[in-house]
1. Search the stretch 42-61 for residues being free of Cβ contacts under 8 Å to residues at least 12 places away in the same chain and either surrounded by 11 or more Cβ atoms within 10 Å (Cβ to Cβ) or acidic (Asp, Glu) (or both), and hand back the single one that is farthest from His2 (Cα to Cα).
2. Filtering the stretch 1-41 down to residues that are outside any helix (DSSP H, G or I) and of a type outside the set (A, V, I, L, M), which residue is surrounded by the most Cβ atoms within 10 Å (Cβ to Cβ)?
Amino acid sequence: MHYVMTLIWTLILVSMLNYVVSAVINVPFVLSNGLIMGVVAAIFIFVIDAILPKVPKNAHH
């Protein structure tokens, strides 16, 4: 479920960013570009999550 929600939120946020940027620079909005960038960003997030070490919740310094 963690991966599904991450993918959904990434697709939503990247598509919104794509819409705003395309409106600002006055180019046509293409949803497929935002979806492709969203999937790439989600994969990048999953890789970063796998690389970073897991810290136990009860570990205090």
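Any read-out appearing in this document is the output of simple, stated calculations on the displayed coordinates, not a laboratory observation. Keep in mind that this is a model prediction, so the values were computed, not measured. No Cβ is skipped: glycine too gets one built from the backbone with ideal geometry, and neighbour counts run over all protein chains shown.
1. That would be Phe44.
2. Out of the qualifying residues, it is Phe29.
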